[in-house]
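Chemist: Mind looking over this structure? Questions follow.
Just so it is clear, none of the values below were taken in a lab; they were calculated from the coordinates. These figures come from a predicted structure and were not determined experimentally. Please note: Cβ atoms are built from the backbone with ideal geometry, for glycine as well, and neighbour counts cover all protein chains shown.
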Amino acid sequence: MNKKLYSILTTIFTIAIIIFVYLYGGNLFNSTKSNTITINGIQVTGDTTRYPVQFVRKIDGDTIKVKFNNQDLTVRYLLVDTPETVKANTEVQPYGPEASDLNEKILKNAKKVEIEFDVYEKKDKYDRALAYVYADGKSVQEQLLKEGLAEIKYVKEPDTRYLNNFKKAQNEAKSNKKNLWSN
């Protein structure tokens, strides 16, 4: 092979590698995708940092309104879903009011409310923050799952930090035939 052709092919190959690494390199060498965004003026990385918030009100069983960095923020609970109570064009579903009431009771009675983000998605298509929620250090999602008032849904890798804990809580409710699992 002549030197000129070899040089051209080497240059093309090098450029292709540079373009590939530029476009895909962040995920090529790191198996866990990470996403950092700014929410209400705070950079959120998705580590296990728990951010203190002030509970404002519950919207339903899996969505709340909080003050985060002195600004309103709607938070949708990660990895769980509760029966609907306020969704447009949807009838109130069985156990929806109970899930909504328990959610509100847990958070209203808490001295300390915190949210924690997972590694990748921080907001959904409705501009709600996606987070784990804690009341006095206890996972609100786990409490709803244990009472059979929520079920595991919307599982999207890599945002599955507490999935195994949630499965245990849900299985406890199923084996005790609580609420959603009573039939």
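Chemist: Quote the FRET efficiency, to the nearest 0.05, computed for Asn69 versus Phe13 with a Förster distance R0 of 45 Å and r equal to the Cβ-Cβ distance.
Modeler: 0.40
Chemist: Quick one: dipole size for the range 103-183, taken about the Cα centre, charges +1 on Lys/Arg Cβ and -1 on Asp/Glu Cβ, in debye to the nearest 20.
Modeler: Its charge dipole is roughly 260 debye.
Chemist: With just the Cα atoms defining each centre, how far is the range 122-183 from the range 62-79? Give it in Å.
Modeler: Answer, in whole Å: 16.
Chemist: Only four residue types carry charge here, +1 at the Cβ of Lys and Arg and -1 at the Cβ of Asp and Glu. Report the dipole size of the chain about the Cα centre in Debye, rounded to the nearest 20.
Modeler: Dipole size: approximately 440 debye.
Chemist: Something else about it: With n ≥ 4 as the cut-off for DSSP H runs, can you work out [θ] at 222 nm for the chain, using -39500 (n - 2.57) per run divided by the number of residues, rounded to the nearest 500?
Modeler: That comes out to -10500 deg cm²/dmol.
Chemist: Also, I was wondering about something else. Where does the Debye-calculated log10 I(q)/I(0) of the chain sit at q = 0.08, 0.17, 0.18 Å⁻¹, using only Cα point scatterers of equal weight, no solvent?
Modeler: -0.35, -1.07, -1.18
Chemist: Hey, another quick one. Tell me which lysines have Cα within less than 25 Å of Lys87's Cα, excluding those fewer than 8 residues away on the same chain?
Modeler: Lys58, Lys65, Lys67, Lys105, Lys108, Lys122, Lys123, Lys125, Lys146, Lys153, Lys156, Lys178
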